[in-house]
Amino acid sequence: MTSKERLAAAMSGGLPDRVPVMCQMSIGHMLLQTGIPPLRFWHEAGDFIDGLLALRALYRFDGILVSLHGHEPDWESRIAAVSRGPEGERIRWKDGDETLFPPDDLPMVRPSSPPVRPSFERFEPASLPPRIAYIPVSQGLRFRLDPEHLFDAVERVVAQAGGEFSVHGEVTSPLDYVLDLFGFEQTMLGFVDDPGRAAAVLERFTAGIVVVAEGLAAAGVDAVKISSPYAGSGFLSAAFYRTFVEPYERRIVRALEARNVRAYIHTCGDIHDRLELMAATGASGIECLDPPPLGRVDLAEAKERVGSRLFIKGNIDPVHVLLAGDRVSVEADAERRVEIGRPGGRFILSTACSIAPRTSRENVAALAEVAERHGRY
């Protein structure tokens, strides 16, 4: 089987020749391992793609996640000044904002003026654009999407894959957009005080995300990850998830699956109490399934509860095992995951969440070797 066929079989419920391997890599890990300057890796589509492809080949992953898309080809024209130091590259943009690009982490933004958030109680959902214009990456960091080049990066990766390996795109959960727009406190209070307005805002964001998800499908991806990091039990109750997360993510899933593109949900932290709720979205798979101490998911239990309904992508501890362990301990842990996850198929060996920035190449490379030796069907 090719890597593409192997992952397709695992995601669809068939039996591949062996357990496939595919991990999401943090920006920091990709920067450290490729040596590409952080500013260019973040903004220049060609450098970003080259880094992804090089590391996929190095680690022999069966698939690749294109987490950023819509790069602006003329991004350098917005720069006013660049300075470099031990902490990284500091950019002053013509609009007055500053961004620090560390050599091993996500960029940090210092806006020229404090952001002004709209009032939840007076917000008009219809004022939101019909298509999302940015990716809410983390902690106020937004990756703007160029509407004229929205899927260029994805199409280039698909073309270079040439049917050899699987290509996955990514969209972000509607909940994340609401949190990014209003802030955490105002969002949570607004959801409690005015659930009708909350539903309308979520509906509007969902419609805009579906447009992008359908565009990713048209660009030729095999699957789309729905990034939903705040939907774990450490932040939201199961009841809240059922009301404000599941219905909207289900709409995105249906739009993708109707186009024969697999959808899977990425949620960090503890999802032990909501595996069935996540499966109720109709997604083909779920990932992370953080084990203790990061979460409470036992892989054998997860396989028993939902493994016949969707594929599981996980659940190696990226911190205590892959980052802190040595090659012997990493191989032993990966072998245990394979023994549990392999029976019946629907299993992709992966870290629970992203590969941490300073994880050694040797530890990551061990995963494909374990799958080759112990993952045969």
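The values are calculated or read from the model by the stated rules, or taken from the named source; none is laboratory data. Bear in mind the structure is a predicted one, so any value in this text is a computation, not a measurement. All Cβ positions, even for glycine, are placed from backbone atoms using ideal geometry, and neighbour counts span all protein chains on display.
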Yes or no: region 295-308 includes at least one residue that is buried (at least 16 other Cβ atoms within 10 Å of the Cβ), among the acidic types (Asp, Glu) and under 27 Å from Val330 (Cα atoms).
yes
Residues in region 334-346: is at least one assigned to a loop (DSSP other than H, G, I, E, B), buried (at least 18 other Cβ atoms within 10 Å of the Cβ), at pLDDT 95 or above and in contact with a Phe, Trp or Tyr (Cβ under 6 Å, 6 or more places away or on another chain)?
yes
The lone exception for Val192 - which of (1) farther than 16 Å from His266 by Cα; (2) in contact with a Phe, Trp or Tyr (Cβ under 7 Å, 6 or more places away or on another chain) it fails
(2)
Within region 15-62, restricting attention to residues that are acidic (Asp, Glu) and touching a residue at least 12 places away in the same chain (Cβ under 8 Å), which residue is farthest from Thr359 (Cα to Cα)?
Asp17
Cβ-Cβ under 8 Å, sequence separation 6+ or interchain: first residue in region 120-141 and part of a strand (DSSP E or B), partner of a type in the set (Val, Ile, Thr). Which pairs?
Ile135/Thr172; Pro136/Thr172; Leu141/Val109
Select from region 309-329 the residues that are touching a Ser or Thr at 6+ places or on another chain (Cβ under 8 Å) and part of a helix (DSSP H, G or I) and write down the one among them that is surrounded by the most Cβ atoms within 10 Å (Cβ to Cβ).
Pro318
Of everything in region 199-230, what is touching a Cys at 6+ places or on another chain (Cβ under 9 Å) and under 12 Å from Arg131 (Cβ atoms)? Give them in sequence order.
none
Every residue from region 209-238 that is over 24 Å from Ala352 (Cα atoms) and surrounded by fewer than 20 Cβ atoms within 10 Å (Cβ to Cβ)
Val211, Glu214, Gly215, Ala218, Gly220
I'd like to check something: does region 300-310 contain any residue that is in contact with a helix residue (DSSP H, G or I) (Cβ under 8 Å, 6 or more places away or on another chain) and under 24 Å from Leu106 (Cα atoms)?
no
Residue identified as of a type outside the set (Asp, Glu), more than 16 Å from Ala213 (Cα to Cα) and part of a strand (DSSP E or B) among Leu100, Leu179, Leu106:
Leu100
So, in region 99-144, of the ones that are within 24 Å of His29 (Cβ to Cβ) and more than 22 Å from the chain's Cα centre (by Cα), which residue ends up surrounded by the most Cβ atoms within 10 Å (Cβ to Cβ)?
Thr99
Checked Phe235, Phe205, Phe240 against criteria (outside any helix (DSSP H, G or I) and either farther than 22 Å from Leu289 by Cβ or aromatic (Phe, Trp, Tyr) (or both)); the one match is Phe235
Does Ser83 satisfy the criteria of being of a type in the set (S, T, N, Q), surrounded by fewer than 12 Cβ atoms within 10 Å (Cβ to Cβ) and out of contact with any strand residue (DSSP E or B) (no Cβ under 9 Å at 6 or more places or on another chain)?
no
Filter region 75-93 down to the residues that are assigned to a loop (DSSP other than H, G, I, E, B) and over 24 Å from Ser113 (Cα atoms) and list them by number.
Pro86
Being closer than 25 Å to Val211 by Cα and part of a strand (DSSP E or B) narrows Ile64, Ile49 down to just Ile64
Inspect all residues belonging to region 57-66 and state whether any of them is loosely packed, with under 14 Cβ neighbours inside 10 Å, under 27 Å from the mean Cα position of the chain (by Cα) and under 26 Å from Gly183 (Cα atoms).
no
Tell me whether region 355-362 contains one or more residues that are surrounded by fewer than 21 Cβ atoms within 10 Å (Cβ to Cβ), part of a loop (DSSP other than H, G, I, E, B), polar (S, T, N, Q) and free of Cβ contacts under 8 Å to residues at least 40 places away in the same chain.
yes
Answer from Ala238, Ala258 - the residue that is on the phi < 0 side of the Ramachandran plot and free of Cβ contacts under 8 Å to residues at least 24 places away in the same chain
Ala258
Of all residues in region 163-176, how many are within 17 Å of Ser3 (Cα to Cα) and assigned to a strand (DSSP E or B)?
4
Specify which of the listed residues (Asp47, Asp95, Asp105) is of a type in the set (Asp, Glu) and at pLDDT 95 or above.
Asp47
Which numbered condition trips up Arg262, out of (1) within 24 Å of Ser138 (Cβ to Cβ); (2) modelled with pLDDT of 95 or more; (3) out of contact with any Lys or Arg (no Cβ under 9 Å at 6 or more places or on another chain)?
(1)
